1. Please give the length that would be gained between residue 111 and residue 38 if that part of the chain were fully extended, namely 0.36 nm times their separation in residues minus their C-alpha to C-alpha distance (nm, one decimal).
2. Pop the C-beta distance of residue 59 and residue 103 into the FRET formula with R0 = 25 Å and round what comes out to the nearest 0.05.
3. Taking other Cβ within 10 Å of each residue's Cβ, how do 132, 62 sort, fewest first?
4. Given the convex hull of the Cα atoms of the chain, what is a quarter of its surface area in nm²?
5. What length, rounded to one decimal in nm, is gained on full extension from residue 141 through to residue 91, with 0.36 nm per residue of separation minus their alpha-carbon distance?
6. Find how much the distance from residue 49 to residue 127 grows on full extension, using 0.36 nm per residue of separation minus their present alpha carbon separation; answer in nm with one decimal.
C-alpha cells in the first residue's frame, strides 16, 4: 500500500496512511523500507516525480507507521507464514508472519495473495474500502 500511496499521496490510500493516526495503528516490517527503496526507479518512472519528491512522499507516509524488526516475530510464525505463502507469493512471508504475531489484518489489494491464502483458510485481510469505511465509522463516534 505504501507503493500506491507514494504514487498518489492525495488518493484514498495516501489519505488513509497520512490521516488515520487517531483511529488505527499501522505496523510494518523493517523490510518494507528496503522494498520501497529498491523500487525507487520504478516509482520515479511511473509517477514522474523526482527522487527527492518520492522520498518526501515516503517520509509523510511513514510518519505514522510503527516499524517493527523481524527479530520480534516468533520462529513458529515465520515457519507458518512461509508454508502458507510458499506457492502463492513468497515475498509476502513478512506480512503474514506479522499478521500472525500481532493478530492484525493485512491491508492489501493483492487479489492473487488474498485468494491463494483464503483457499488455505487464512482470511485475515482488510481492503482499502473496508479500512476507509471503518475509519469513517470511528471518526463519527469520536
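Any read-out appearing in this document is the output of simple, stated calculations on the displayed coordinates, not a laboratory observation. Predicted, not measured: the structure shown is a model, and the values here were computed from it. Quick reminder, even Gly has a Cβ in these numbers, built from the backbone with ideal geometry, and neighbours come from all protein chains shown.
1. 24.0 nm
2. 0.30
3. Final ranking by Cβ density, sparse to dense: 132, 62.
4. Taking a quarter of the hull surface, the average projection is 8.8 nm².
5. Full-extension gain reported as 14.3 nm.
6. Stretched out fully, the residue 49 to residue 127 stretch lengthens by 25.4 nm.
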